[in-house]
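The values are calculated or read from the model by the stated rules, or taken from the named source; none is laboratory data. Keep in mind the model is a prediction, meaning the values are calculated, not measured. When we count neighbours, we look across all protein chains shown, and the Cβ atoms used for this are built from the backbone with ideal geometry, even at glycine.
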Amino acid sequence: MPGLMRLLYATKSVWAILAALVVGAVFILIAGSDPIAAYGALFTGAFFEYHGIATTLVKMSPLLLAGLAVLLPLRAGLFNIGAEGQIYLGALFAAMAALYLPVMPGWIHIIICSFAGMVGGGLWALIPAYLKARHNINEVIVTLLMNYIGINLVSYATSGPMMEEGAPYPYSAEIPESLWLPHILPRTDAHLGVVIGLVIAMVMYYVFQRTSLGYSMNAVGSNPQAARYAGMSVRRHIIWSLVLGGALAGLAGTYEVLGLKYRLFHAFSAGYGYDGIVVAFLGGGHPLYAAAAALFLAGLRSGANIMQRAVGVPTTVVDTIQGLVVIFVAASLAFRFERSRWAEIWRRRKSLDRALEGEVAPPPPTPSGAQPAGAKPAAENAER
Amino acid sequence: MIDILTDPTQLADFLATSLRLSVPIIFAALGGVLSERSGVFNIGLEGMLLAGCFGAAVGAYFFGTPFAGVAVGMFFGLLGALILAYLSITLGVSQIVSGIAINMLMLGLTAFLSRIVFEGQANTMTLSGFKPIAIPLLSQIPVLGPVFFNQDLLVYVMYAMVAGGLWLMYRTRWGLNVRAVGENPRAVDTAGISVVGLRYACVLTSGAIAGLGGCYLVLSQIFLFSEHMSAGKGFIALAAVILGRWNPLGALLACLLFGVFDALQLRLQFANPEVPYQAFVILPYAVSILALVGLVGKPTPPAAVGIPYKREAK
């Protein structure tokens with residue numbers, strides 16, 4: 001019995017997601033459609049059809065990288081709400097490296113572009129990192145505000161100096177074909193970006209779990225005073241974790257350019273930076289769980305379009321569901337088995353058994369803090 | 001461009017635009033001050049502002065009067081705040097995560113519902129709104145009179161709220177309790193005052209006030225609802241809260257500063273078509289950051305902001 005309840009509590013995030021989907025179903029009903037048909041179209045389209053899976057993987061690439069970009073600073077106790085702006089700056093730097101560097105072998109050029117993208121995102125994160133480390137200015141607000149500046153910077157570049165001549169819409173020239181990321185599924189858009197994201201997630205997992213760097217980051221995040229006392233520079237950890245986070249977001253932008261769009265577009269990111277916060281949160285700060293969360297959210301996003309075409313429910317319902325998922329999962333985290341009524345009932349049953357045994361043999365010594373079995377009801381009455 | 005300094009009518013016009021642009025942010029920032037003073041960081045202001053916009057449009061659309069819009073708008077803002085309050089105060093979930101969840105939910109929900117409620121005419125309708133009321137005598141003051149005293153009802157409500165907020169915060173027992181609960185909730189609890197009750201009151205009120213900012217946007221400026229019309233104003237309000245040092249009057253001045261820069265960028269954009277417009281659009285954001293950097297001395301937030309209060313925790 002407690003095993004089952006324990007399992008239900010352990011999988012509470014799954015139940016929370018299901019609950020969010022149930023509330024989402026109400027909204028689909030309000031929109032005048034059949035929720036089962038709508039969800040059927042969404043999840044079949046996202047996870048069980050060849051081209052749908054490819055679209056899911058395409059969306060998973062920026063979501064995962066942006067999620068890791070939020071997750072890394074989170075480890076050190078910092079909120080990176082600026083992944084969106086860092087994505088734009090990364091894409092800008094990568095596109096410049098792709099368009100303006102001399103001709104060279106494709107794979108070297110791809111690596112250089114990736115590096116440029118990381119520099120772009122990292123530099124953009126350096127500003128809030130420096131302000132936080134030096135002047136203790138709230139990084140939440142600075143990263144938030146810098147998103148708007150970053151988006152407008154790319155908007156300026158694509159409608160000004162980098163704009164392709166005669167383009168009807170602000171976008172840059174096309175990058176050379178030798179720079180296009182290889183596709184991982186034939187005849188689809190699914191590109192290597194998602195694989196790179198997964199590799200980085202695994203590396204991060206290893207670094208967090210096994211290396212002194214991961215340990216010291218965790219120490220700074222959980223108890224900065226103690227970390228400083230142990231000789232770690234809190235300031236340096238703040239700067240590096242935010243800058244590396246920015247670099248990862250920059251990579252997300254880079255692979256949108258090299259893997260999918262092949263140009264730098266004005267306003268190309270559909271809020272991936274903000275979704276990255278959700279990915280990091282749903283992943284509970286764990287890189288591999290974050291990958292699972294990114295897959296789920298990417299599926300919601302790619303399935304949304306299929307659902308809209310199939311049953312006519314607007315895709316905005318998916319934004320609603322995503323918000324609900326975060327709220328429900330956040331709420332579910334507050335429910336712990338140890339503090340639940342079920343655990344209490346189970347404790348009572350056990351103490352009852354012990355008391356019964358005690359009538360046969362003398363009562364065993366109770367562990368510190370626990371009530372002697374027989375005295376429990378009286379003590380509880382006294383508390384009330 | 002220079003005419004705003006030489007021509008009084010141009011100057012009045014410029015200042016009036018500045019004020020109008022800052023009003024929604026002022027409401028949101030007042031809500032932010034209240035919430036953060038009680039120890040709850042409210043990054044969900046953006047979503048509550050947007051919920052207020054939607055509510056204002058719904059109220060005015062179905063009842064044909066802006067007053068109904070205000071009532072529904074404030075109520076929707078309050079509903080958003082209720083989510084934040086429940087998650088962060090009752091359940092002790094991270095306030096940042098709760099706030100971001102509210103922003104996402106409102107962004108999706110208002111876009112989704114507006115298509116159903118307004119059936120595609122969201123972008124073409126003209127809702128009944130508030131009209132400017134000139135206050136006798138005060139509106140006759142040269143330059144500043146028409147700027148500050150020929151506005152609509154919601155702006156006067158905003159003045160009253162700043163004054164009332166100052167009085168409530170610094171002159172009443174309740175305000176003392178609020179400030180105390182943001183600094184040292186345990187002390188307040190020991191004094192026999194409910195920490196949860198105070199924080200709920202502050203967060204819910206903050207949502208309703210942010211919703212009022214949304215009402216102003218819809219009922220006094222644009223007269224329709226469009227998707228994501230809050231466009232980051234709630235985030236600028238967060239910067240204004242810090243810049244204003246968690247004080248209602250300070251927040252008002254900070255928001256007016258942003259309003260002046262926003263009005264300036266509109267004028268610059270109009271006067272200098274050869275300069276890329278993005279350079280002007282980023283101006284308010286850049287100024288916000290620079291203002292945070294350039295603060296004389298260190299801003300000290302309420303000590304307990306961001307930390308969930310648990311009675312049994314040591």
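Going by the structure shown, is A:GLY150 of a type in the set (Gly, Ala, Ser) and more than 10 Å from chain B (Cβ to nearest Cβ)?
When the stated conditions are applied, A:GLY150 does not pass them.
For (1) of a type outside the set (Phe, Trp, Tyr); (2) assigned to a loop (DSSP other than H, G, I, E, B); (3) modelled with pLDDT of 80 or more, each residue gets a yes or a no:
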site	(1), (2), (3)
A:ALA280	yes, no, yes
A:LEU297	yes, no, yes
A:PRO314	yes, yes, yes
A:GLU344	yes, no, yes
A:SER351	yes, no, yes
A:PRO362	yes, yes, no
A:PRO367	yes, yes, no
A:ALA370	yes, yes, no
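If you take the residues in region A:295-321 that are among the charged types (D, E, K, R) and more than 9 Å from chain B (Cβ to nearest Cβ), which one is farthest from A:ALA31 (Cα to Cα)?
A:ARG301
Residues of region A:260-293 being among the charged types (D, E, K, R) and crowded, with 24+ Cβ neighbours inside 10 Å, which ones?
A:ASP275
Does region A:14-34 contain any residue that is of a type in the set (A, V, I, L, M) and farther than 29 Å from B:ILE116 by Cβ?
yes
Could you list, ordered by first residue, the pairs with Cβ atoms under 9 Å in which the first is in region A:77-95 and within 30 Å of B:SER94 (Cα to Cα) and the second is at pLDDT below 95 and basic (Lys, Arg), at least 6 apart or interchain?
Every condition considered, the pairs that remain are A:LEU78/A:LYS132.
Yes/no per residue for (1) in a helix (DSSP H, G or I); (2) within 14 Å of chain A (Cβ to nearest Cβ); (3) closer than 23 Å to A:MET146 by Cβ:
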site: B:SER220; (1), (2), (3): yes, no, no
site: B:MET229; (1), (2), (3): no, no, yes
site: B:ALA251; (1), (2), (3): yes, yes, yes
site: B:PHE261; (1), (2), (3): yes, yes, yes
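Here is a check on your reading of the model: is B:LEU144 under 18 Å from the mean Cα position of the chain (by Cα), away from chain A (no Cβ under 11 Å) and over 13 Å from B:GLY214 (Cβ atoms)? Lay out the reasoning, then the answer.
On the way: under 18 Å from the mean Cα position of the chain (by Cα): no; away from chain A (no Cβ under 11 Å): yes; over 13 Å from B:GLY214 (Cβ atoms): yes.
Considered against the rule, which asks whether it is under 18 Å from the mean Cα position of the chain (by Cα), away from chain A (no Cβ under 11 Å) and over 13 Å from B:GLY214 (Cβ atoms), B:LEU144 comes out as no.
Would you please name the residue that is modelled with the highest pLDDT, looking only at residues in region A:29-47 that are farther than 11 Å from A:MET307 by Cα and within 14 Å of chain B (Cβ to nearest Cβ)?
A:LEU29
For region B:79-126, enumerate the residues that are under 26 Å from B:GLY39 (Cβ atoms), of a type in the set (S, T, N, Q) and either part of a helix (DSSP H, G or I) or more than 9 Å from every other protein chain (Cβ to nearest Cβ) (or both).
Selection gives B:SER88, B:THR90, B:GLN95, B:SER98, B:ASN103.
With the condition kept exactly as written, say whether any residue in region B:13-23 is surrounded by fewer than 24 Cβ atoms within 10 Å (Cβ to Cβ), over 27 Å from B:TYR285 (Cβ atoms) and without any contact (Cβ under 8 Å) to a residue 24 or more places away in the chain.
No, that holds for no residue.
Return yes or no: is B:ALA51 crowded, with 24+ Cβ neighbours inside 10 Å, on the phi < 0 side of the Ramachandran plot and part of a helix (DSSP H, G or I)?
Yes; evaluated as a whole, the condition is true for this residue.
What's the number of the only condition in (1) at positive phi; (2) crowded, with 24+ Cβ neighbours inside 10 Å; (3) of a type in the set (Gly, Ala, Ser) that B:GLY59 fails to meet?
Just one mismatch for B:GLY59, condition (1).
In the set A:ALA330, A:ALA247, A:ALA291, which member is at pLDDT 90 or above and not assigned by TED's automatic domain parsing to the domain that holds A:ILE175?
Selected residue: A:ALA291, the only one of A:ALA330, A:ALA247, A:ALA291 that is at pLDDT 90 or above and not assigned by TED's automatic domain parsing to the domain that holds A:ILE175.
Going by the structure shown, is A:ASP275 modelled with pLDDT under 90, touching a Leu at 6+ places or on another chain (Cβ under 8 Å) and assigned to a helix (DSSP H, G or I)?
For A:ASP275, the condition - modelled with pLDDT under 90, touching a Leu at 6+ places or on another chain (Cβ under 8 Å) and assigned to a helix (DSSP H, G or I) - is not met.
If you check B:ILE26 against the conditions, is it more than 28 Å from B:PHE148 (Cα to Cα) and either within 20 Å of the chain's Cα centre (by Cα) or within 14 Å of chain A (Cβ to nearest Cβ) (or both)?
The answer is no for B:ILE26.
Could we say that B:GLY108 is modelled with pLDDT under 95 and touching a Lys or Arg at 6+ places or on another chain (Cβ under 6 Å) here?
No, not satisfied.
What single numbered condition from (1) without any contact (Cβ under 8 Å) to a residue 60 or more places away in the chain; (2) away from every other protein chain (no Cβ under 11 Å) fails to hold for B:TYR285?
(2)
Would you confirm, using the coordinates I've provided, whether B:LEU238 is of a type outside the set (Val, Ile, Thr), in a helix (DSSP H, G or I) and surrounded by fewer than 23 Cβ atoms within 10 Å (Cβ to Cβ)?
The answer is no for B:LEU238.
Run B:VAL40 past the list (1) in a loop (DSSP other than H, G, I, E, B); (2) without any contact (Cβ under 8 Å) to a residue 24 or more places away in the chain and report the number of the one that doesn't hold.
(2)
Kindly indicate whether B:GLY213 is touching a Ser or Thr at 6+ places or on another chain (Cβ under 9 Å) and away from chain A (no Cβ under 14 Å).
Yes; evaluated as a whole, the condition is true for this residue.
Anything in region B:132-171 that is aromatic (Phe, Trp, Tyr) and surrounded by 14 or more Cβ atoms within 10 Å (Cβ to Cβ)? List them, or say none. Before the answer, list the steps.
Going residue by residue through region B:132-171, those that are aromatic (Phe, Trp, Tyr) are B:148-149, B:156, B:159, B:167, B:170.
Selection gives B:PHE148, B:PHE149, B:TYR156, B:TYR159.
So is A:TRP124 closer than 19 Å to A:TRP180 by Cβ, in the same structural domain as A:TYR88 (by TED's automatic domain parsing) and in a helix (DSSP H, G or I) or not? Quick ask: steps written out before the conclusion?
On the way: closer than 19 Å to A:TRP180 by Cβ: no; in the same structural domain as A:TYR88 (by TED's automatic domain parsing): yes; in a helix (DSSP H, G or I): yes.
So A:TRP124 fails the test.
Which count do you get for residues in region B:184-216 that are in contact (Cβ under 8 Å) with a residue 12 or more places away in the chain and part of a loop (DSSP other than H, G, I, E, B)?
So the answer is 2.
Looking only at region A:323-334, which residues are in contact with a Gly (Cβ under 7 Å, 6 or more places away or on another chain) and either assigned to a helix (DSSP H, G or I) or more than 7 Å from chain B (Cβ to nearest Cβ) (or both)?
Residues satisfying the conditions are A:GLY323, A:LEU324.
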